[in-house]
Each structure stands twice: as C-alpha cells, then as structure tokens.
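Report on the structure given below.
The values are calculated or read from the model by the stated rules, or taken from the named source; none is laboratory data. Remember, predicted model here, so these are calculated numbers, not experimental data. So basically every Cβ, Gly included, is an ideal-geometry build from the backbone, and we count neighbours across all protein chains shown. In case anyone asks, the SASA skips ligands and DNA or RNA and just uses the protein heavy atoms, side chains included. Shrake-Rupley method; radii C 1.70, N 1.55, O 1.52, S 1.80 Å.
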Amino acid sequence: RLYGFLTRSAPLEEEVPAEVRGQSAWAAEQGFFDAFPEGYRKEVSLVPRVVTGADTLPLDANFPHTRKYFDATKIDADGDNNANNYNIIRYADILLIFAEAENEISGPTAAAYDAINQIRRRAQQQDISTPDPTIDLAGLSADEFRDAVIEERRWELAYEGHRRWDLVRTGKYLAAVPSATARNVLFPIPQREIDLNSSLRQNDGY
C-alpha cells in the first residue's frame, strides 16, 4: 500500500483542489507537467496547479501533483492512509518491453509497432486494436523507434518507479539529470571483491 500523503489543515484546505487534498505528497515538476502530452492520459495522471498567487498556501500545494494514485475514498484530508497498491508491473509495461526488445532484434517490426501503438491509442481513449494514423507511430528507424519507446515509457509509466532505470540502462541518465554525477549511475564494487580480483576496476565516482 501507498503511504506518505500529506494532510491539509483549515482554513487553507478549501483552497486546495480535492484531488490533492490529503493525498498530495507525490508532486510533479512543472517542466514534466508542461511536457506531458495533452489528452486523456495526462488528465488521469496529473493534477494541474490551479492555486496561484496565494503566499499563505502550503508550499507543497503550489505545483502539479499526481492523480494516478488518488484514492477517492480518502478525500477528506485523510493523510497517510491510502488504500491503493503500488504497481510493480502491468500489461502496458509488458507491451513496451516487447516493443523495445523486438526493435533491438529486428528493427521496428509490425509487431513492435502494434505493441507501442496499442499504448498510444489507449492514451487517447481510442480502441487499441483500430489503427489511427493521427496517433500511431510508423516509418521510424531503429534508433528513432528506440527513443520513441523510452519516451512512451516516460508518460505511460510515470510514478511507477521505472524512469531512472530506463535512463540508466540506455545511457541517458546523466544528460537527463543535470545535477547527477557518475557516482549516481552505478553502485560501488565492494572493496573486498577488488582485493580478491585485481582485474576489477572501481566504478566511476567512488
């Protein structure tokens, strides 16, 4: 289960959107909210910042929040008591894993396109089995398709614990996180293992 949501206190509570009242610890960076493609998926994933110009509001009420784990049974500022479970893996993740793997083996095949386009159609509330040229990806190179999958994972799997690892395994982490250093990419190799094997080299940053 999910914990860590904050509780609002009167008299400010009525100024905060119901979607984040009592459950707002999971916030979104403004840049992420602005970059998120408009549509159904954004609407069910994020709550926009609707409170402006109120210096008396709690700091954590003044930027976008996540709606993905909002529990409608806990809207009365019932903080730290959310009944939702945290997603470990779901079908959308499996489809995107398949699309990425298929592309790495054979380039963007019809099956790879079908997998990612199912996700894209659902994100726009369209039938996932009906092609839609205004939504579907097509005609990409292997490199372009790889980047498209990682970007699709960014939006579809937001707040599900995948983004850091997607960036690390694709070598994009340091570019995406300006404050990060090589020390933030890999864990250190235990010194005992280095002592036992002189061929080992410590990871950068340690």
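Laid out as a table, the results:
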{"read-out": "Surface per residue (accessible, 1.4 Å probe) for the range 116-158, Å²", "value": "50"}
{"read-out": "Rotationally averaged projected area of the range 121-182 (alpha carbon convex hull; nm²)", "value": "5.6"}
{"read-out": "The range 83-189: projected area of the alpha-carbon convex hull, averaged over directions, in nm²", "value": "9.1"}
{"read-out": "Förster-model FRET efficiency, 30 Å R0, Asp34 and Asn203, C-beta, rounded to 0.05", "value": "0.30"}
{"read-out": "Positive-end residue, the range 74-206 charge dipole about Cα centroid, Cβ charges, pick of Gln126, Ala180, Ala110", "value": "Ala180"}
{"read-out": "Computed lengthening from Gln124 to Ile88, 0.36 nm per intervening residue step minus Cα-Cα distance", "value": "10.6 nm"}
{"read-out": "Debye log10 I(q)/I(0) at q = 0.13, 0.18, 0.20 Å⁻¹ for the range 81-144, Cα point scatterers", "value": "-0.40, -0.67, -0.78"}
